[in-house]
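FYI, it's all coordinate maths here, none of it is from the lab. Since this is a predicted model, take the numbers as computed values, not measurements. All Cβ positions, even for glycine, are placed from backbone atoms using ideal geometry, and neighbour counts span all protein chains on display.
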């Protein structure tokens, strides 16, 4: 059964098919959310809310884009929603940009290149998003433009700036 | 760090594209040639390659710390209920909705709220169904002549009498002989090929022949426990007669039957299926079920001993008021899947219209029980045995609950012995039932209070979450204020912020409306849930008041009865 069939089944309220999609994509969505939010509970909530929204909105999905593109776009919007709620609630700046290395290490509960991840964490939000989607998730600029609702050119520029920033950070 | 001259700065983009494999041949040849000559660009190129290598080693998938599916899964099942997308105590709300649907099925009065509350607080739910027993669906009454000598009576303890004489340890027993046990004696009748009948204290029993010439037991009052094997050869039912009915065991099994001298009684079937026939009514009672026999109305509709007191009450009210449509609605409204046997027993007693309503209820709570819809209009006593058997068989798979049934049987016997003073006592039974109902109602009230607290918490949580979000602020017309608001929270540099702002203005607008919509929806749902709970509370309080009035009335009746009997007693006393 290919992904098209699975998505179609899930569209027809097949929970087993939906669980397959969850199994495949939830670790990716969680990785994406955690790198963006640098906050484990928030990343879990984003992942959870994303899949609940997907389940309830799946009927409206018309295969006009790849399923994964649609999924990441929902996750990204969910991230924005939660980030806004968090910053409004705390009435302060998003912690994501100002995590100390010590705090950062507490967040990272998986095996990885810590220095590189820390450098990525310091990227401005938009550059970081483009960088993760392009370099880690393997999306094309056209798809990223679709997910983030920006121009392809902007996506390329963000990636270029992100890489330059990372190079500088890692050489420091 | 790599520094570039202006010319090389222009080449950076080409190097990026080279790494991403996006260059045409001409540009590729150009940049490759340039890299051989320019050390800065070469370093830039290798730095980028090295960075890419490191990036490639980053995990694409990260397993979350907690089990996210678990929290999602429950919400998917409640997809019709929007509120359940919020976390927290809102399962309460979905239950209320579910009960609403059940109300639609049963078309009954809105007892659903009460039932929801009760369901939430009932702890004892035992799926009491029997162990396998022997299958035969008809009552075959071919007479077989029994030999009286095969019947023996044995003393177990105390001083039971046989025809007014002390019972020896083993005696043969003949037609017409009485066995009487006092407060502390017990006996057992042993019937060859049929089984044993234990006679509890304070009982009076006679051996007699039935219409077919078969030996049977007549219970005048007291309590018996049977332990009958499958009759060999023809399936002759073993019958216990009483002043107003017959207890018939066709398949062999075990039951406890208690009756007082007014003809009121109760039967609990531990194993097998027993029929109680009286006054033109018949009840089919499989293992785990209880049937109350009333002096005037005969056998009632059987029910699970551990079913909700509300359901028991509804059944007993129906037994006394069988023509009352409200009574039947009340039974249907309070029924759950463990009350299947009761609903099926109701079928032959009601009109075809009501049969249809019960049929819908049965289908909704036990879709695996097959009663062809066409057969409903013909549903009579002859169908009853068969359907109950099917029903029991279907519920049997994988169940081994003989021990539970034995425990329940013991509990019932202790109840009869201690609380009912050895014989069935309707007053004790109804008092206990009322007590159980009161306890359940009070638990339900407690539960509802907790649900209300939960909702209050959810409301304040969402209020907190949204407190800094200015829903009234219109982004369309005051971009300066929007920016000001935004800058408070996002530390981007000016240029970048401007770019972001232009790119995303529309999205933020939509986003604001979406947020407001969700917030409003949520609040609406919470308000509705709160209203439902308040209605349920009112309903429970009403039920409690009704119960209190009923008990007062019963007390008054008791007092007036006592007043009537007292003068007679004093007359007797004075005569003595």
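What FRET efficiency would be calculated for the residue pair residue A:66, residue A:106, taking the C-beta separation as r and a Förster radius of 56 Å, to the nearest 0.05?
0.95
Among A:62, B:43, B:248, which comes first, then next, by fewest other beta-carbon atoms within 10 Å?
A:62, B:43, B:248
Using only atoms on other chains, find how many Cβ atoms lie within 10 Å of each Cβ of peptide A:20-27 and report the average.
Partner-chain Cβ atoms within 10 Å, mean over residues of A:20-27: 3.
Using 0.36 nm times the number of residues separating residue B:439 and residue B:414, minus their current alpha carbon distance, what extension gain do you get?
Difference between extended and current length: 6.8 nm.
For peptide A:55-67, what's the mean number of Cβ atoms from other chains within 10 Å of each residue's Cβ?
1
If I take R0 = 35 Å and measure r between the Cβ atoms of residue B:190 and residue B:262 in this structure, what FRET efficiency does the formula 1/(1 + (r/R0)^6) give, to the nearest 0.05?
Once rounded, the FRET efficiency stands at 0.70.
How many Cβ atoms of partner chains, on average, are near each residue of A:43-50 if near means within 10 Å of its Cβ?
Partner Cβ neighbours, averaged per residue: 4.
Stretched out fully, how many nm does the piece from residue B:30 to residue B:66 gain, at 0.36 nm a residue minus the Cα gap?
Gain in length upon complete extension: 7.8 nm.
Return A:14, B:164, B:249 ranked ascending by Cβ neighbour count within 10 Å, so the fewest neighbours appear first.
Lowest count first: B:164, A:14, B:249.
Can you list, largest first and rounded to whole Å, the semi-axes you get for segment A:42-159 by taking the square root of 5 times each eigenvalue of its Cα gyration tensor?
One finds semi-axes of 25, 19, 14 Å for segment A:42-159.
How far apart, in nm, are the 7 Å Cα→Cβ label points at residue B:407 and residue A:171?
Simple spin-label model gives 7.6 nm for this pair.
What are the equivalent ellipsoid semi-axes of segment B:275-376, built from the alpha-carbon gyration tensor (square roots of five times its eigenvalues), in whole angstrom, biggest first?
19, 15, 14
Per 10 Å bin, what percent of the C-alpha pairs of segment A:1-98 does each bin hold, from zero upward?
Histogramming segment A:1-98 at 10 Å steps yields 16, 46, 25, 11, 2 percent.
Using a basic spin-label model with each label point 7 Å from the Cα along Cα→Cβ, how many nm lie between residue B:296 and residue A:14?
6.2
For labels at residue B:431 and residue B:178 in the simple 7 Å Cα→Cβ model, what's the distance in nm?
The modelled label-to-label distance comes out at 2.9 nm.
Which value, to two decimals, describes the C-alpha radius of gyration of segment B:187-316 once divided by 2.2 N^0.38 Å?
1.00
In which sequence would B:229, A:50 go, from the one with the fewest C-beta neighbours within 10 Å to the one with the most?
B:229, A:50
Give the dimensionless ratio obtained when the Cα radius of gyration of segment A:99-172 is divided by 2.2 N^0.38 Å.
Ratio of Cα Rg to 2.2 N^0.38 Å: 1.15.
Can you compute the FRET efficiency between residue B:20 and residue B:322 using 1/(1 + (r/R0)^6), with r the Cβ-Cβ distance and R0 = 56 Å? Round to the nearest 0.05.
0.10
So how much slack lies between residue A:114 and residue A:85, counting 0.36 nm per residue of separation and subtracting their Cα-Cα distance, in nm?
Value of the extension gain: 7.6 nm.
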